[in-house]
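K.L.:
This is the structure, below, for whatever I ask next.
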Amino acid sequence: MNYFLLKTEPTDYSIDDLRRDKKTSWGGVRNFQARNIVRDEIKKGDFCIIYHSSCVIPAAVGLGEIVKAPYPDLMQFDSSSKYFDPTSKKDDPRWFAVEVKFKEKFLAPLPLEKMRTIKELSDMRLLARGNRLSFMSLSKMHFEIIKKLSS
């Protein structure tokens with residue numbers, strides 16, 4: 001089993017939306033480095049921290065589970081989608097999505113600024129300068145620390 005952090009802007013799709021929907025296709029990634037993580041690393045049964053970004057208080061807000069392995073992101077073929085990619089072909093898709101199931105909303109979201117003060121999280125990719133990835137790997141230790149401090 002692997003662990004990941006999935007970023008989302010709460011004004012687009014929040015942990016409350018995931019709780020309401022129970023599961024969703026998590027796609028729209030248009031960064032090659034993040035795409036490679038989705039395509040090559042994420043597997044059915046993996047767990048993820050849902051993280052709200054681009055908001056007043058960026059924070060880890062809940063847990064999800066990957067319930068469908070990576071598959072071509074259908075938005076890349078939809079010309080009416082903001083994620084349309086005219087260079088991507090159905091027989092050679094460029095972008096991928098996974099299906100995420102809601103597991104838990106944290107009782108106490110763990111803000112980014114608090115994470116920066118926790119020594120055991122100091123090497124977590126989220127805390128690196130200039131990090132803009134919407135999907136990133138987490139160590140089991142990082143996953144467990146975030147979960148423990150948010151419950």
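K.L.:
Checking ILE57 against (1) part of a strand (DSSP E or B); (2) surrounded by fewer than 19 Cβ atoms within 10 Å (Cβ to Cβ); (3) touching a Leu at 6+ places or on another chain (Cβ under 9 Å), only one condition comes out false. Which one?
P.N.:
Going through (1) part of a strand (DSSP E or B); (2) surrounded by fewer than 19 Cβ atoms within 10 Å (Cβ to Cβ); (3) touching a Leu at 6+ places or on another chain (Cβ under 9 Å) one by one, ILE57 breaks only (1).
K.L.:
Scan the stretch 98-109 and give yes if some residue there is over 24 Å from ASP17 (Cα atoms) and basic (Lys, Arg), otherwise no.
P.N.:
Looking for residues that are over 24 Å from ASP17 (Cα atoms) and basic (Lys, Arg), one finds none in the stretch 98-109, hence no.
K.L.:
Please go through the stretch 123-151 and pick out each residue that is touching a residue at least 60 places away in the same chain (Cβ under 8 Å), part of a helix (DSSP H, G or I) and either touching a Cys at 6+ places or on another chain (Cβ under 9 Å) or among the aliphatic types (A, V, I, L, M) (or both).
P.N.:
Result: LEU126, PHE143, ILE146.
K.L.:
In the stretch 63-81, is there at least one residue being modelled with pLDDT under 95, farther than 18 Å from ARG125 by Cα and of a type in the set (Lys, Arg)?
P.N.:
No, that holds for no residue.
K.L.:
Given (1) within 17 Å of the chain's Cα centre (by Cα); (2) assigned to a loop (DSSP other than H, G, I, E, B), where does PHE106 come up short, assuming only one miss?
P.N.:
(2)
K.L.:
Which one of these does SER54 not meet: (1) modelled with pLDDT of 95 or more; (2) under 17 Å from the mean Cα position of the chain (by Cα)?
P.N.:
SER54 satisfies every listed condition except (1).
K.L.:
Additional query: Among the residues of the stretch 70-105, count how many are in contact with a Gly (Cβ under 6 Å, 6 or more places away or on another chain), under 18 Å from ASN31 (Cβ atoms) and surrounded by fewer than 16 Cβ atoms within 10 Å (Cβ to Cβ).
P.N.:
Total satisfying the criteria: 0.
K.L.:
Go through the stretch 34-52 residue by residue and tally those that are within 12 Å of ILE15 (Cβ to Cβ) and out of contact with any Pro (no Cβ under 8 Å at 6 or more places or on another chain). First the steps, then the outcome.
P.N.:
Within the stretch 34-52, the first condition is being within 12 Å of ILE15 (Cβ to Cβ), and the residues that meet it are 48-52.
Subsequent filtering for residues that are out of contact with any Pro (no Cβ under 8 Å at 6 or more places or on another chain) retains 48-50.
Summing the residues that are within 12 Å of ILE15 (Cβ to Cβ) and out of contact with any Pro (no Cβ under 8 Å at 6 or more places or on another chain) in the stretch 34-52 gives 3.
K.L.:
Still on this model: Count, please, the residues in the stretch 109-122 that happen to be part of a helix (DSSP H, G or I) and under 20 Å from PHE47 (Cα atoms).
P.N.:
4
K.L.:
In the stretch 22-57, which residues are more than 20 Å from LYS147 (Cβ to Cβ) and among the small types (Gly, Ala, Ser)?
P.N.:
SER25, GLY27, GLY28, ALA34, SER54
K.L.:
Would you please name the residue that is surrounded by the most Cβ atoms within 10 Å (Cβ to Cβ), looking only at residues in the stretch 27-50 that are in contact with a Gly (Cβ under 9 Å, 6 or more places away or on another chain) and either within 23 Å of LEU107 (Cα to Cα) or among the charged types (D, E, K, R) (or both)?
P.N.:
Step by step, filter the stretch 27-50, then rank; the result is ILE50.
K.L.:
Regarding PHE106, is this residue farther than 16 Å from PRO58 by Cβ and touching a residue at least 24 places away in the same chain (Cβ under 8 Å)?
P.N.:
Considered against the rule, which asks whether it is farther than 16 Å from PRO58 by Cβ and touching a residue at least 24 places away in the same chain (Cβ under 8 Å), PHE106 comes out as no.
K.L.:
Let me ask something additional. So is ARG30 under 15 Å from PHE96 (Cβ atoms) and of a type outside the set (S, T, N, Q) or not?
P.N.:
For ARG30, the condition - under 15 Å from PHE96 (Cβ atoms) and of a type outside the set (S, T, N, Q) - is met.
The values are calculated or read from the model by the stated rules, or taken from the named source; none is laboratory data. Only a predicted model underlies this, so the values are computations on that prediction, with no experimental measurement involved. Here the Cβ is made from the backbone with ideal geometry for all residues, glycine too, and neighbour counts use every protein chain on show.
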